[in-house]
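Report on the structure given below.
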2 protein chains.
Amino acid sequence: MDEFMQAAIEEAEQGLREGGVPIGSVIMHEGEIIGRGHNMRQQQGSAILHGEMSALENAGRQPASVYRNSVLYTTLSPCPMCSGAIRLYQIPRVIIGENQTFLGDEELLKASGVELEVLQDQRCIDLMNQFIAAHPDVWNEDIGE
Amino acid sequence: MDEFMQAAIEEAEQGLREGGVPIGSVIMHEGEIIGRGHNMRQQQGSAILHGEMSALENAGRQPASVYRNSVLYTTLSPCPMCSGAIRLYQIPRVIIGENQTFLGDEELLKASGVELEVLQDQRCIDLMNQFIAAHPDVWNEDIGE
């Protein structure tokens with residue numbers, strides 16, 4: 001595993017320690033992390049700060065050229081909102097920790113020309129299974145169910 | 001025009017007064033506004049706080065049942081990110097001020113079962129034309145172009 005998915009997992013683990021949904025994300029541009037974050041539903045009462053959205057917000061305002069040469073790493077398959085953000089900014093490549101506990105908008109991303117790689121990483125799977133078992137209500141809220 | 005689109009336009013106008021992208025949104029649930037906001041790219045250096053996202057964040061954490069009985073009003077056709085958020089939370093109906101200055105993910109929303117109504121309101125069109133002429137760089141950044 002490269003350092004970027006490792007950083008995304010560390011974000012997810014930090015979220016879990018905070019009592020939050022353990023999903024983390026980083027955005028890599030030219031070999032550097034330009035944005036990182038984790039789900040903030042519990043911590044900030046946020047309906048929009050999924051892991052990927054937190055990473056985008058942390059990266060701040062960027063020109064289109066930066067997004068179009070970036071890779072987004074996320075510990076979990078991106079939901080429709082986060083997939084929409086990836087499509088808006090035309091991020092060309094997304095590395096996904098796992099899609100066993102939740103399958104997001106991967107087909108739409110692929111149809112939009114986004115290159116996906118799914119790692120099925122056991123640490124990512126375990127983080128989600130642990131959280132979903134303990135807080136099914138929070139998890140359902142996070143995915144609009 | 002009903003009071004809800006009127007409130008969304010007031011949000012857009014407030015954004016313009018702040019020097020920001022003039023797009024506003026409100027979320028209506030059972031006849032009451034439960035969330036409202038406007039684009040905060042300029043004001044907060046935000047890459048994710050489009051008008052609709054600001055309204056969702058302002059509404060705070062809500063159960064799925066609230067979103068599924070809400071109407072989202074937005075002064076401009078929702079971009080892929082905001083359309084993704086609408087799809088995530090399964091908001092069933094979206095009232096759009098105009099889609100002449102920017103056409104968002106309306107086909108995807110319709111294919112997802114979301115009911116759309118486009119007003120082509122001249123105030124909404126004028127707000128966008130005024131801003132785009134004055135700040136084309138900011139506008140392009142906001143839509144990932």
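The values are calculated or read from the model by the stated rules, or taken from the named source; none is laboratory data. Quantities reported herein were computed from a predicted structural model and do not represent experimental measurements. Virtual Cβ from ideal backbone geometry, glycine too; neighbours counted across all protein chains shown. The protein model used for the area step is the full one, side chains on, heavy atoms only, and it has no ligands, DNA or RNA in it. Shrake-Rupley method; radii C 1.70, N 1.55, O 1.52, S 1.80 Å.
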Treat each spin label as a single point 7 Å out from the Cα along the C-beta direction, and report the residue A:3 to residue A:61 distance in nm.
3.0 nm
Placing a label point 7 Å from Cα toward Cβ, how far apart in nm is residue A:64 from its equivalents in the other copies, listed shortest first to one decimal?
3.7
Heads up, I need the accessible area for residue B:36: 1.4 angstrom probe, whole protein in place, Å², nearest 10.
90 Å²
Which three lengths, in whole Å and largest first, does the protein assembly as shown cover when its Cα atoms are put on their principal axes?
53, 41, 32
Probe radius 1.4 Å, ligands and nucleic acids left out: which of A:74, A:101 has the largest accessible area, and how do the rest follow?
A:101, A:74
Counting only protein heavy atoms and leaving out ligands, DNA and RNA, the solvent-accessible surface of residue A:139 at a 1.4 Å probe, in Å² to the nearest 10, equals 10 Å²
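Looking at the protein assembly as shown, send over the antiparallel percent of its DSSP beta bridges, to the nearest 5. Numbers along the way, then the final one.
On the way: 22 of 38 bridges.
Just about 60 percent of them are antiparallel.
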Could you give each residue of the range A:54-66 its phi-based ³J(HN,Hα) in whole Hz, using Karplus coefficients 6.51, -1.76, 1.60 with θ = phi - 60°, and x for Gly or Pro?
4, 5, 5, 5, 5, 5, x, 5, 10, x, 3, 5, 6
What are the ³J(HN,Hα) couplings of the range B:84-96, residue after residue, when phi is run through the Karplus curve with 6.51, -1.76, 1.60 and θ = phi - 60°? Round to Hz, x for glycine and proline.
x, 5, 4, 6, 4, 8, 6, 6, x, 9, 10, 9, 10
With label points built 7 Å along Cα→Cβ from the Cα atoms of residue A:103 and residue B:100, find their separation and express it in nm.
4.3 nm
Okay, which of the range B:46-86 sit inside 19 Å, backbone N to the point 7 Å along the Cα-Cβ direction of residue B:130?
B:51, B:74-77
Per DSSP H run of at least 4 residues, take -39500 (n - 2.57); add these up for chain A, divide by its residues and hand me the 222 nm value, nearest 500 deg cm²/dmol.
-12500 deg cm²/dmol
Assume the label is 7 Å from Cα along Cα to beta carbon: what separations in nm does residue A:115 have to the matching positions in the other copies?
4.4
Closest beta-carbon to the B-to-A rotation axis: which chain B residue owns it, and what is the separation in whole Å?
B:84, 1
Could you tell me the accessible area of residue A:95 in Å² (1.4 Å probe, neighbours in place), rounded to the nearest ten?
10 Å²
Starting from a label point 7 Å past Cα on the Cβ side, list the distances from residue B:93 to the same position in the other copies, nm, shortest first.
4.6
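So if we plug the beta-carbon distance of residue B:13 and residue A:123 into 1/(1 + (r/R0)^6) with R0 = 35 Å, what FRET efficiency do we get, rounded to 0.05?
Details: r = 48 Å, r/R0 = 1.38.
Given R0 = 35 Å and the Cβ-Cβ separation, E is 0.15.
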Nearest 20 debye, what's the magnitude of the dipole of chain A about its Cα centre given +1 on Lys and Arg Cβ and -1 on Asp and Glu Cβ?
400 debye
Sum of side-chain charges, residue A:67 neighbourhood, beta-carbon under 12 Å (Lys, Arg +1; Asp, Glu -1):
+2
Model label zone, residue B:43; criterion: amide N under 18 Å from point 7 Å along Cα-to-beta-carbon; scope the range B:53-81
B:53-60, B:73-76
With N residues in chain A, what two-decimal value do you get for its Cα radius of gyration over 2.2 N^0.38 Å?
0.94
